[in-house]
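First comes the structure, then the notes that go with it.
The values are calculated or read from the model by the stated rules, or taken from the named source; none is laboratory data. Predicted model, so just to flag it, every value in this text is computed and none were measured. Neighbour counts are summed over all protein chains in view; Cβ atoms, including those assigned to glycine, are modelled from backbone coordinates with ideal geometry.
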């Protein structure tokens, strides 16, 4: 049993935030189909999400209920939520099948009774599904930090299914796993159907996720949801967070076959090209130092370990909050590669070390920006690479990052504005 | 302007004390303003003869209240205010005190009333950020704590002194002393004297247990108003004098 | 903006306003929050963040520290950070919703820090529950209180710019245009609160002869400086290419010592609704009227109607619902304001003109921003006037 709670490697300190590119500039269907988000928060809180929603052209899927100081003091904002829901159901056409009520840090302090609120909403609007999602970064070091909590809440809307089919759910990846990943072909070869939220065309498709026979947990943030689904819906899970280690990837597919009682198709058509790409990239990069940060990958220590195993020169890993699974990689790096520095991300100290890391390739925008690095491996916000395909994509990116200089200004410009 | 905060455990008699001190000060010709900082909102009841709408009630019902809706004139021209609190079980009472204070300031309440003495009557069971507000920058100059010899009252008093000491570095309100409101507990005087010693303070006044206080309460009046010639009224007058002297002492 | 919003985003908050005010001053700024508030500021309210590194930090507040009131932890984090950086000119600690709920004593924490470090420190009670103009006002008040010469000698020819903020003017040429305009008219800009200002400029701000207030955010400071030092103020900004009316008003205020917050009186409301910051909106109205003969222009604002800046018929728009009602009321034929206002249903009956506002639409338009004193703006005014005539 894995622990969902992360642990911190470093003492708390003030944090410096790099600019955050959002390379989403076109219509995107995000999250649950036929659903609606109601943000219940002080006006300041929802600004990021709202502006992001305009850029994704999904503004029509959300509303904001601003709470004032007197609402906080009197606690009466709990009464405003059902009224807001009523207005949403009357205004939004077609009426959403599900509404996520998104609350923030202040609820943790006010001790808002979310269970009671949820019961009240369900009773008053029986045709609509509800969940309460907490976006409360003051709890980002707790057992249920916001991204973990979001998964738990979303899947709490599923009801137990009397029988299970050949489905396998992907749990935890918020942008969908790209269809270019061999995961889909291999699952198909095993007679399994892959389900993930972003592929659901209707809310009923989402509800069908309760019929799946296995949950594949693709990020640590999905683990708590999977554990809860095992308990409540009887769906077992396989913890298989995205890895760049070909061994681990192969192991995931082996376990997937074993857990579903299928025979494992030949992996070599996918594994061999990945290994070839690794060799090619290693040759191309030679001794180029590499920096890995958590804006590049959810599990930077796991990524760093894989690169070190392949013979790349990883110099610096920026990570603070790590999960159970990643702890093994942390110790592995500490023991086998004591020369690799592990430092906290968001530290302003980094900006002073540009010279030291001159010529490095940074995996992740944040470290690259702070170090003023010329070479950047950047990740798109719209899809999530997985499996051997992710390895190939990363190697291609490493090669092209070294060949061409990063244009930070261009990345930032692309993350602004709104394409109509 | 002299600014005094009176803290104490709920039910210890701090509102009765505050109202009587306010009435006594007012009888000396001083303009007094009393601000109740307890969600129970009955600090000024004896001065008003009734409960008044609170700042938070007005904020909730009417987003832009005026001073007339927040300040009420009670016995002898004493200006009465109740900060109020949330619906029990929800909201945040501590934050409510801050919100009420900020509203009073925003509307220029102190400039409008121009009091000689402001009395903050504060619930001292929980000394969180909100309930510590009257101690903080610019509000009270001196804090007096009403206590009896009962354990819970002593405990609350000690907590309040701790909060005062924690704020020591910030140059806020000073500890004025203890007001002993006798409940006729065994060794009461001794216990409270001990607390005074341990907290580096002193007993500024001792209020004997006197049924006349209850008689006045039944009339919804202060002793000072209802029985001005009684020994108890003299007692409150003496306490008011000592407190005022303590405040003007450098 | 109160209650339920379907079409418009949450606007820039008071902590963003305070942060952007302090951006140029060489101080260390700490937003006391979990992460979201700081990310809102750096990613969505500060067009200057990319390419500029400023010691503006997130305190990394955690639930347990909030509940336990661990002020000492914040102080210690700041002290640790100070050891690794050049000494800042000052330290400012800004509030957010969580410190607001627990009633954190930011001013007291600042006092302690100042005692410990010897560095001037401020606690600003920003809340995340109010808008950017309040944060700008809080920051300016604290700085003026601390740094500005209390008994100044008046220096002829000096003018301050008040309310100059990227949240209204973005970071294109707008700020430089305002300074250049004043300098070309023979003024010396003493302090431009707060874009391009220094603490030295702020110290000497009380020596100015007159204040030019270019946004609602500058009005609080203008009134303070009028009360304390009798520096008269003019509220107005450049809109289009004709600078003469504004120039005349500044000169008159300086000569007579009389404030001019709203400029000329306009007799009537009308079919043109300009929604945004009152000062820019007033200037647009003034130009539409004097240059193009458009008579009926109503100004509306989300950011708290400042009566001194308003015509009697101007509108406080306290909620999105209020704006929806106005747009659907058929009282207006022309709508001028941030492009996101066009998301509101019913606007298709109106002729809509875009004047982006960072405090509303954030990064969606901040680098595609109008230069207010440009021929392009003049052209926009012409188009608005033409639409007003056709529609009217």
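Filtered by the rule that a residue be more than 18 Å from the chain's Cα centre (by Cα) and at the interface with chain A (Cβ under 8 Å from one of its Cβ atoms), the range C:10-32 gives a lone residue, C:30. Scan the range A:52-82 for residues that are more than 8 Å from every other protein chain (Cβ to nearest Cβ) and over 29 Å from the mean Cα position of the chain (by Cα) and the total you get is 4. Please work out which residue is surrounded by the fewest Cβ atoms within 10 Å (Cβ to Cβ), limiting yourself to the range B:56-80 and to residues that are in contact with a helix residue (DSSP H, G or I) (Cβ under 8 Å, 6 or more places away or on another chain), closer than 18 Å to residue A:79 by Cβ and in contact (Cβ under 8 Å) with a residue 24 or more places away in the chain. By that ranking, first place goes to B:59. Counting residues in the range A:244-267 that are modelled with pLDDT under 95 and within 30 Å of residue A:311 (Cβ to Cβ) gives zero.
Considering only the range A:159-175, state which residues are buried (at least 20 other Cβ atoms within 10 Å of the Cβ), within 14 Å of residue A:206 (Cβ to Cβ) and touching a residue at least 60 places away in the same chain (Cβ under 8 Å). Selection gives A:169, A:171.
Inspect the range B:61-72 for any residue being under 15 Å from residue B:45 (Cβ atoms), more than 9 Å from chain A (Cβ to nearest Cβ) and within 21 Å of the chain's Cα centre (by Cα) and give the result as yes or no. Yes, the range B:61-72 contains a residue that is under 15 Å from residue B:45 (Cβ atoms), more than 9 Å from chain A (Cβ to nearest Cβ) and within 21 Å of the chain's Cα centre (by Cα). Within the range B:113-133, is there a residue that is closer than 23 Å to residue B:45 by Cα, part of a helix (DSSP H, G or I), away from chain A (no Cβ under 14 Å) and modelled with pLDDT of 90 or more? Yes: one or more hits. Check the range B:218-228 and report whether any residue there is at negative phi and in contact with a strand residue (DSSP E or B) (Cβ under 9 Å, 6 or more places away or on another chain). Taking every residue of the range B:218-228 in turn, none turns out to be at negative phi and in contact with a strand residue (DSSP E or B) (Cβ under 9 Å, 6 or more places away or on another chain).
Among the residues making up the range C:367-392, those that are at pLDDT 95 or above and not in a helix (DSSP H, G or I) are C:369, C:370, C:371, C:372, C:373, C:374. Collect the residues in the range B:81-104 that are surrounded by fewer than 24 Cβ atoms within 10 Å (Cβ to Cβ), more than 7 Å from chain A (Cβ to nearest Cβ) and part of a loop (DSSP other than H, G, I, E, B), keeping them in residue-number order. Residues satisfying the conditions are B:88, B:89. Where strands (runs of 3 or more DSSP E) fall entirely within the range C:36-142, none has at least 1 residues that are surrounded by 24 or more Cβ atoms within 10 Å (Cβ to Cβ), within 14 Å of chain B (Cβ to nearest Cβ) and out of contact with any strand residue (DSSP E or B) (no Cβ under 6 Å at 6 or more places or on another chain). Only a single criterion out of (1) within 13 Å of chain B (Cβ to nearest Cβ); (2) out of contact with any helix residue (DSSP H, G or I) (no Cβ under 7 Å at 6 or more places or on another chain); (3) closer than 23 Å to residue A:34 by Cα is not satisfied by residue A:113, namely (3).
With the requirement that a residue be in contact (Cβ under 8 Å) with a residue 12 or more places away in the chain and surrounded by fewer than 21 Cβ atoms within 10 Å (Cβ to Cβ), what does the range C:341-355 give you?
The answer is C:342, C:343, C:344, C:345, C:346, C:347, C:349, C:351, C:352, C:353, C:354.
Candidates in the range A:89-106 are the residues that are at the interface with another protein chain (Cβ under 10 Å from one of its Cβ atoms) and surrounded by 22 or more Cβ atoms within 10 Å (Cβ to Cβ); of these, the one that is nearest to residue A:157 (Cα to Cα) is A:104. Among the residues that make up the range B:161-174, is at least one of them in contact with a strand residue (DSSP E or B) (Cβ under 6 Å, 6 or more places away or on another chain) and within 14 Å of chain C (Cβ to nearest Cβ)? Yes; the residues of the range B:161-174 include at least one that is in contact with a strand residue (DSSP E or B) (Cβ under 6 Å, 6 or more places away or on another chain) and within 14 Å of chain C (Cβ to nearest Cβ).
Take residue A:85 and decide whether it is touching a helix residue (DSSP H, G or I) at 6+ places or on another chain (Cβ under 9 Å), farther than 15 Å from residue A:106 by Cα and surrounded by fewer than 17 Cβ atoms within 10 Å (Cβ to Cβ). Taking the combined requirement at face value, the residue does not satisfy it. For the range C:357-368, a tally of residues being surrounded by fewer than 20 Cβ atoms within 10 Å (Cβ to Cβ) and either in contact (Cβ under 8 Å) with a residue 40 or more places away in the chain or away from chain A (no Cβ under 13 Å) (or both) returns 1. The residue list A:396, A:385 contains one member that is in contact (Cβ under 8 Å) with a residue 12 or more places away in the chain, surrounded by fewer than 19 Cβ atoms within 10 Å (Cβ to Cβ), in contact with a helix residue (DSSP H, G or I) (Cβ under 8 Å, 6 or more places away or on another chain) and away from chain C (no Cβ under 14 Å), which is A:396.
Between C:287, C:228, the distinction of being outside the structural domain of residue C:337 (by TED's automatic domain parsing) and assigned to a helix (DSSP H, G or I) belongs to C:228 only. Screening the candidates A:223, A:207, A:144 for the property of being farther than 30 Å from residue C:59 by Cα, crowded, with 17+ Cβ neighbours inside 10 Å and not assigned by TED's automatic domain parsing to the domain that holds residue A:97 yields one hit, A:207. Got at least one residue in the range A:121-131 being touching a helix residue (DSSP H, G or I) at 6+ places or on another chain (Cβ under 7 Å), assigned to a loop (DSSP other than H, G, I, E, B) and within 14 Å of chain C (Cβ to nearest Cβ)? No, that holds for no residue. Taken together, C:308, C:325 contain a single residue that is farther than 22 Å from residue C:385 by Cβ, touching a helix residue (DSSP H, G or I) at 6+ places or on another chain (Cβ under 9 Å) and either part of a helix (DSSP H, G or I) or touching a residue at least 12 places away in the same chain (Cβ under 8 Å) (or both), which is C:308.
The residues in the range B:147-180 that are assigned to a loop (DSSP other than H, G, I, E, B) and within 18 Å of residue B:203 (Cα to Cα) can be counted, and the count is 4.
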